[in-house]
Amino acid sequence: MEGEKQYARLDECIARYPQLKVCKEEIAKSFDHLADMYSQGKKLLICGNGGSAADADHISGELLKGFGHPRALGEEWTERLGSDLMMNLQGALPTIPLTVFNALGTAYNNDCNAKYTFAQLTWGLGTAGDTLLAISTSGNSDNVLLAVKVAKAKGMVTIGLTGKTGGKLKELVDICICAPATEVFKIQELHLPIYHTLCFMLEDKFFPKAQQSSV
């Protein structure tokens, strides 16, 4: 594995949450894939319901601006942006939470069928080479599973974040991180350190403190 600091983040997570050792390999695989995807200029879509919808927004927030530290833009952006914008913008990793499209969501609920909303957004926003992160504590949320099916049809890679059993999601996605718990609130409590660790690892790779990236 490359990037000792990035994987040190994962080791630190496991040290703090020993129960997550069972999904360490899947977390590492998810990071490896996301790092490669972002390196190719692709984007991440995220979907989930309820608390998982809040997680989708949370993850996006950590990836679209500084998380552990500010992500200063390179000086090469000064001429194009001007000093004010250059000093006040931060490096970002393209991420779209499918949970925030309120107008489309209500229109689909009224005119079509609400369970296909995430699938429609994945169809409209996803392209081959992108990734869909599908969050479902049960692994059986119909609207999430439908979005995964669309993502796979479009040539996207799919990552699942779910609970101990994995539900139907486990068999459908390319990589599945199964938090070792069966009660919803306990699964959600384990999802937080998992995705925080992934966000830290990605930040360390693309925006290291010693040498700020211009992404």
- Task: Scan [x] 1.03; [y] 1.17; [z] 1.44 for the value of Cα Rg over 2.2 N^0.38 Å calculated from this model and give just the label.
- Result: [x]
- Message: Run the numbers for Lys154 and Ala15: contour at 0.36 nm per residue of separation, minus the present Cα-Cα distance, in nm.
- Response: 46.3 nm
- What distance in nm separates the simple spin-label points at Glu25 and Ala103, each placed 7 Å from Cα in the Cβ direction? 4.7
- Item | Long-range HN-HN contacts of Cys176 with modeled amide H, under 5 Å | Gly160
- Query: Which order do peptides 31-42, 143-154 fall in by mean Cβ count within 10 Å, highest first?
  - Reply: 143-154, 31-42
- Note on the structure: Eigenvalues of the alpha-carbon gyration tensor of the stretch 25-114, times 5 and square-rooted, give semi-axes in Å, largest first, of 30, 20, 12
- Query: How large is log10 I(q)/I(0) at q = 0.12, 0.14 Å⁻¹ when the Debye formula is applied to the Cα atoms of the stretch 142-215, each weighted equally and without solvent?
  - Reply: -0.45, -0.58
- Message: I'd like the FRET efficiency for Glu171 and His69, computed as 1/(1 + (r/R0)^6) with the beta carbon distance as r and R0 of 41 Å, rounded to 0.05.
- Response: 0.60
- Quote the charge dipole size of the stretch 1-144 about the Cα centre in Debye, to the nearest 20; the model charges only the Cβ of Lys and Arg (+1) and of Asp and Glu (-1). 240
- Note on the structure: Carbon/sulfur accessible area of the stretch 98-176, % of total, 1.4 Å probe, equals 52
- Query: Just for the Cα atoms in the stretch 60-157, what are the lengths along the principal axes, largest first, rounded to whole Å?
  - Reply: 47, 26, 25
- Query: How much mean residue ellipticity at 222 nm does the chain get from its helices, if each DSSP H run of length 4 or more adds -39500 (n - 2.57) and you divide by all residues, to the nearest 500 deg cm²/dmol?
  - Reply: -16000 deg cm²/dmol
- Task: On a C-alpha basis, how far is the centre of the stretch 16-35 from the centre of the stretch 49-86 in Å? Whole number, if you could?
- Result: 23
- At 20 °C and 1.002 mPa s, grab the translational diffusion coefficient of the stretch 160-203 from Stokes-Einstein with a Kirkwood Rh over Cα pairs, rounded to a whole number in µm² per second. 199
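The values are calculated or read from the model by the stated rules, or taken from the named source; none is laboratory data. Keep in mind it's a predicted model, so treat the numbers as computed, not measured. Every residue, glycine as well, gets a Cβ built from its backbone with ideal geometry; the counts of neighbours run over all protein chains shown. Remember, those area values only see protein heavy atoms, side chains included, never the ligands or the DNA or RNA. Shrake-Rupley method; radii C 1.70, N 1.55, O 1.52, S 1.80 Å.
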